1. Please report how far the C-alpha centroid of the range 131-169 lies from that of the range 42-61, rounded to the nearest whole angstrom.
2. Filter the trypsin sites (Lys or Arg not before Pro) in the range 1-49 to those in DSSP coil with at most 11 other Cβ atoms within 10 Å of their Cβ, and list the result.
3. Could you calculate the contour length gain from Met191 to Thr429, that is, 0.36 nm times the residue separation minus the distance between their Cα atoms, to one decimal place in nm?
4. Within the range 278-300, what residues put their amide N at less than 15 Å from the label point 7 Å along the Cα-to-Cβ vector of Asn54?
5. How big is Rg to Rh over the range 288-400, alpha-carbon atoms, Rh as the Kirkwood inverse-mean-distance radius?
6. Report the percentage of all Cα-Cα pairs in the range 42-139 whose separation exceeds 17 Å, rounded to a whole percent.
7. If you add up the charges near Val114, with Lys and Arg at +1 and Asp and Glu at -1, over every other residue whose beta carbon is less than 15 angstrom from its beta carbon, what do you get?
8. Per residue, how much space in cubic angstrom lies within the convex hull of the C-alpha atoms of the range 2-42?
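What follows is calculated from the coordinates using simple rules that are stated; it is not laboratory data. Nothing here was measured: the structure is a model prediction, and the numbers come from that model. Virtual Cβ from ideal backbone geometry, glycine too; neighbours counted across all protein chains shown.
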Amino acid sequence: MKKLKSEGIGKLKYLISMDLTTHEDGVYAIKELVEKGKKLLEEGDRNFLDAEINPDEMGIMLFTSGTTSASKAVALSHKNICTNVMDIASVLEVNENDTMLSFLPIHHVFECTVGFIYPLYKGAAVAYCEGIKHIAENLKDYKISVMISVPVLFENMYKKLMKAVEKQGKLEKLEKGRKISNVLRKMHIDMRKKLFKEIHEKLGGNIRLFISGAAALDVEVERGFNELGFRIAQGYGLTETSPVISAGTDDHYREGSIGQIFPSLDVRIGNPDADGIGEIQVKGPSVMIGYYNNDEANEKSFIDGYFRTGDLGRIDKDGYLYISGREKSVIVLKNGKNIFPEELESLVNRIEGVTESMIYGKPESDGDSKICVKVVYDPEIMKELYKLENEVEIYELIHSKVKEVNKKMPAYKYIREVMVTTEPLIKTTTAKIKRHEELAKIL
């Protein structure tokens, strides 16, 4: 901070240190400022308390993740953020006894609203993760009870837990425990934390709630965590909706669903097909002011006052929302059938040794699309589990595993071409694949 101040780097007006006790070399001390504020209040200065807030003007500018197109600047207001925080509080219980682990960047609206402003609103503590390699020790050291993150992190955590159990030769015992627990739960007897105490201790021993958002979570991972006694709630939203539109809770939960729609929002399905799947469209106080200085994008993004999310989904008779995938990601075959890449990717990602994958359509000379997959594998797991190091042999193994995946699906969904690599896919800061960039690279 002293270097920034002395060398005049950037355009920062004030530098405030959390560590200094007094003002030093042009750097303010937070402790000194707090004391000054208290004194002003005691002397009757109410400028801060009585400051008027315009709830409808832009208070924060955030950028879309740019997974299917160029990133856009989103203008959000005080009202947008506050109504979303209050909606979250009405369905998810977090209180002053909780400590949340912050892992995602705060410039992402999911972490900003759910992982930063919401715990402050509820009086919970926030601990900041020291890095992906330190998650296990941070969960234990900070006695974390609630953690918010993206599906890829929870999926990797679950895979590692199951791998550790298998290495210890306790997989059979765990599966027996699951069966016993599931029978007891039908009788309203919950023994999960006792039956799976060892696994709970591996994750710090205090976890009561995982919140997954930003993409769809693998149903097997969701089921697996819940059966082990870790409540995992799925949420859904976008930067443009401040962000959360729906979430699962302890009282309202359905496997594979992204929960029920928030109280202040009106959600409809635009142009539903025979299965009730169409574009998710939303109206309400947490929907953005608009894209900043981008009239063309704003015009395309609203219809009858509803924001067009670009996501495809359906709502069941009980009001649970299910997401199928991004409209721009859908591969439409010549016969009119739709392929949702996310559905196939979740199956490919379950192959042991596969870290991630991307399904894409390759244009054919007859105007149709060939369903292809780019698979990223872990060479260490290939060596340890399959005793393979040769690239050709690894390709043949993965190709045979993809053929097994095909057997679970109708013929029109078959993956007909496989590409393998150890190089990670191009992703956003919240680990979502930048499909347009990755596809340009492949093709």
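1. 41
2. Working: sites: Lys2, Lys3, Lys5, Lys11, Lys13, Lys31, Lys36, Lys38, Lys39, Arg46; in loops: Lys11, Lys13, Arg46.
Passing sites in the range 1-49 are Lys11, Lys13, Arg46.
3. Values: separation 238, 0.36 × 238 = 85.68 nm, distance 3.75 nm.
Using 0.36 nm per residue and subtracting the Cα-Cα distance, I get 81.9 nm.
4. 289-290
5. Details: Rg = 19.6 Å, Rh = 17.5 Å.
For the range 288-400, the value is 1.12.
6. Working: 3050 of 4753 pairs.
When all Cα pairs of the range 42-139 are counted, 64 percent exceed 17 Å.
7. After counting each charged neighbour, the total is -3.
8. Details: hull volume 2.6 nm³, N = 41.
It comes to 64 Å³ per residue, whole-number rounded.
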